[in-house]
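Okay, so here's the structure we're looking at.
The values are calculated or read from the model by the stated rules, or taken from the named source; none is laboratory data. Treat the numbers as computed from the prediction; the structure is a model and nothing was measured. Quick reminder, even Gly has a Cβ in these numbers, built from the backbone with ideal geometry, and neighbours come from all protein chains shown. Surface accessibility is based on the protein's heavy atoms, side chains included, excluding ligands, DNA and RNA. Shrake-Rupley method; radii C 1.70, N 1.55, O 1.52, S 1.80 Å.
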Amino acid sequence: MIEPHGGVLVDVMASPARSSELKQDALSLLSWDLLPRQLRDLELIMNGGFSPLRGFMDRADYDSVVEDMRLASGVLWPMPVVLDVTEEFAGAIKPGERIALRHPEGMLTAVMHVRDVWRADKANEAKKVFGTDDETHPGVFELTHGVRPFYVGGEIEGVEAPTPTSFADLALSPSELRERFAGLGASHVVGYHAERPLHRAEIELTKSVAGAMHAHLFVNAVTGVVASGDRDHYAAVRSFKAAISKYEAGSASLSLLPLVTRCAGPREALWQAIVNKNYGGGRFLVQRDHASAGTDSDGQSFYGPSDAFQLVEAHQQELGIQAIDAPEMVYDATDDRFVPVAAVPAGHEVQSLTADEFDALLAKGDEVPDWYSYPEIIDELRQAHPPRSRQGFTVFLTGLPSSGKSTVANILAAKLLENGSRPVTLLDGDLVRKHLSSELTFSKEHRDLNIQRIGFVAAEITKNHGAAVCAPIAPYRKVRRLVREMIGQVGGFIEVHISTPVEVCEARDRKGLYAKAKAGLIKDFTGVNDPYEVPEKPELRLDTTEISADRCADMVLEYLASEGYL
Ligand code: PPS
């Protein structure tokens, strides 16, 4: 018999007496330190938000979910929820054993009864779940490079749920929200999952949808993994609080959802609809481009704008929910109100601003048009996004040995110091190898570690409003992307590919290393017998064969000025 969705929330929490026993038992169990992403998934298993899951998926559930969007029991569930571990850890455990799942700070969070341990088929998972293996897709990239190679599945017994580190009053569980909705006497609840701050378009859309249905609006702000000191997160939550005050008193609730988005478009929208139902929302607003993954390497959207709605709608009866298609809203300047695109009266003046355009205005410290949002919301967001002229940045020059990186970097650093807007730090490849990374070799593993170290230092400089100029070879795409993501959270990241062709670099051979590598005296030399993965979308690409180093440095400065940093 297939259990219908949204009935009773599963409760995997052990009683106090059982928890004490488990804490004792755990002393002799192998421990897995949960990664931030895994902790968030576990939190949703433990609070019932992922009902009917009672743990991380075993092999049968996983296979069935990947292939058919259903658990092995037949219950609809479109997204794998797995515990990924290293090969070493996987080799140390067997089905039938128990493992301790620990909070990154060491506390026992849960005990898992291991049912299966298996090597992940990531290529298949990417194609089935995301519909693509293109690594431009953030979910595919994370699966391919962030997710550990083995999966462990089994039910859990919850011992101590992670406690919220901020905004505890908004970290409500499904049962707390269900109680609240019942207490309010709300016969219908419309859930809206917000991954970005709300502005007037979203506020007016949700007001009109909930108003037309006489329903209570439930804004579940998707927070995912929050790094400590993440100013964006704090500002976003404060802006959500400001936004919720724009609704009639008692007509809307705000909660923070610890869901880590996979950007899986339609499958993710369906998954979120199930989670929303668990949280007490019988109706679910599916947005255009819901859980979007942006565009692929050819500039095409991974999913169509209505794909998400169509998939949720096709399953709404089975789920016992109502899917609501959120129309695209535009500002009707003639009437000073937001209306669905399709309902703009003829002859009316229409204005719109995309999320990216809005971010760019904030970044430059430019005025945001009054019609777009409310001053309180903008003020909160501005605190986390000072204008670029007051942000730090990293210029990350990457290219082959002898391509001209160091020469350009030195000139650039001097010109930035002349400009005087920020303290400047030069992290040249050779110099870093003498100090920060003196013990490292040129193996792939060590090169990645070297770049991570450079990235870490550059991120600190950037966070503290300085300018870092880095000039390593950085031959591998994956670690360059990780550094971009790390630094992008705290300031500007400008990747400059010094694209001087290998023949020219070899002819220059300033240190005689190409010659040595060709003679077999250096193994793993980039450009000769070790790869250089060309950057796909650098902010600038400069070939020092055609352009002088001085001009290259000026071009970087011009770019920085055009983007508002200088
Ligand atoms: S990496 O790959 O980013 O970690 O390299 P990086 O730290 O920038 O160090 C590059 C400089 O080290 C010298 N060198 C080598 N480069 C590449 N491959 C091998 N095997 C190697 N051995 C020594 C080389 O002079 C590089 O300097 P640049 O300025 O790039 O020519």
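How far is helix 375-384 tilted off the main Cα axis of the chain, in degrees rounded to 10, range 0 to 90?
So the helix axis and the longest Cα principal axis differ by about 40 degrees.
With Kirkwood's inverse mean 1/r over C-alpha pairs for Rh, give me the Rg to Rh ratio of segment 25-126, two decimals please.
Reported Rg/Rh, Kirkwood definition of Rh: 0.95.
Angle, helix 405-419 long axis vs. longest principal axis of the chain, Cα atoms, 0 to 90°, nearest 10?
80 degrees
When only C-alpha pairs under 8 Å and at least 6 residues apart count, what is the relative contact order of the chain, in percent? Don't skip to the end; give the middle numbers.
Details: 1026 pairs, mean separation 64.2, N = 566.
Dividing the mean separation by the residue count of the chain yields 11 percent.
Rounding to the nearest 10 and keeping the result within 0 to 90°, find how far the Cα-based axis of helix 265-278 lies from the longest principal axis of the chain.
Helix 265-278 sits at roughly 40 degrees to that axis.
Positive end of the charge dipole of segment 9-135 (Lys, Arg +1 and Asp, Glu -1 on Cβ, about the Cα centre): tell me which of GLY96, GLY55, MET13 has its Cα farthest that way.
The Cα lying farthest towards the positive end belongs to MET13.
So what is the accessible area of segment 388-562 per residue, in Å², with the probe set to 1.4 Å? Intermediate values should be presented prior to the final figure.
Values: 8080 Å² over 175 residues.
I get 46 Å² per residue for this part.
With a 1.4 Å probe and all protein chains left in place, how much of the accessible area of the chain comes from carbon and sulfur atoms, in whole percent? Display every interim value, and only then the final one.
Details: 12730 of 25050 Å².
For the chain, the apolar C and S fraction of the accessible surface comes to 51 percent.
Return a whole-number percent for the relative contact order of segment 46-141, with Cα pairs under 8 Å and 6 or more residues apart as the contact set. Intermediate results must be reported in sequence, preceding the final value.
Numbers: 100 pairs, mean separation 18.8, N = 96.
That works out to 20 percent.
Could you sort the peptides 263-275, 49-61 by per-residue average Cβ neighbour count (10 Å cutoff), highest mean leading? It would help to have the intermediate numbers written out before the result.
Details: 263-275: 25.5, 49-61: 22.3.
Order by mean packing, descending: 263-275, 49-61.
How far apart, in nanometres, would the label points at TRP118 and ALA161 be if each is projected 7 angstrom from Cα along the Cα-to-Cβ direction?
Taking the two extended label points, one gets 3.1 nm.
List the lysines whose Cα lies under 21 Å from the Cα of LYS277, skipping any in the same chain that are fewer than 8 positions away.
Within the straight-line cut-off, LYS277 pairs with LYS207.
Summarise the long-distance tail of P(r) for segment 388-562 by giving the % of C-alpha pairs beyond 21 Å.
Details: 6766 of 15225 pairs.
I get 44 percent for the Cα pairs in segment 388-562 exceeding 21 Å.
If amide H atoms are built 1.01 Å from N in the plane of the peptide, which residues on other chains or at least 5 residues away come under 5 Å of the amide H of VAL330?
Excluding prolines and chain starts, which carry no amide H, the hits are VAL339, VAL341.
Each residue of segment 461-478 in order: what ³J(HN,Hα) in whole Hz does its phi give by Karplus 6.51 cos²θ - 1.76 cosθ + 1.60, θ = phi - 60°, with x for Gly and Pro?
4, 5, 4, 8, 6, x, 10, 10, 10, 10, 9, x, 5, 6, x, 9, 4, 4
Excluding same-chain residues fewer than 8 positions from LYS518, which aspartates and glutamates have a Cα within less than 17 Å of its Cα?
List returned: GLU503, GLU506, ASP509, ASP530.
Pull up all non-local amide H partners of THR394: gap of 5 or more, or a different chain, and H-to-H distance under 5 Å with H placed in the peptide plane.
Long-range HN contacts for THR394: ALA468, GLY492, PHE493, ILE494.
Under 8 Å for C-alpha pairs, at least 6 residues apart: give me the relative contact order for segment 168-384, rounded to a whole percent. Before the final figure, lay out the partial values.
Numbers: 339 pairs, mean separation 48.3, N = 217.
It comes to 22 percent, rounded to a whole number.
Give me the dipole magnitude in Debye, nearest 20, for segment 417-566 about the Cα centre, with unit charges on the beta carbon: positive for Lys and Arg, negative for Asp and Glu. Intermediate values should be presented prior to the final figure.
Details: 21 positive and 23 negative charges, 103 e Å.
Result for segment 417-566 is approximately 500 debye, rounded to the nearest 20.
Taking the Cα centroid of segment 290-305 and of segment 446-461, what is the distance between the two, rounded to the nearest whole Å?
30 Å
Go through LYS94/LYS478; LYS128/LYS537; LYS415/LYS444; LYS444/LYS511 and tell me which ones have a Cα-Cα distance over 24 Å in this structure. Mind showing how you got there, number by number?
Details: LYS94/LYS478 32 Å; LYS128/LYS537 27 Å; LYS415/LYS444 33 Å; LYS444/LYS511 22 Å.
The pairs that break the limit, which is 24 Å between Cα atoms, are LYS94/LYS478; LYS128/LYS537; LYS415/LYS444.
Along its principal axes, what span do the Cα atoms of segment 168-384 show, with the longest given first and each in whole Å?
So the extents along the principal axes, rounded to whole Å, are 43, 40, 39.
Given just the C-alpha atoms of the chain, how large is their convex hull per residue in cubic angstrom?
Details: hull volume 98.7 nm³, N = 566.
Roughly 174 Å³ of hull volume per residue.
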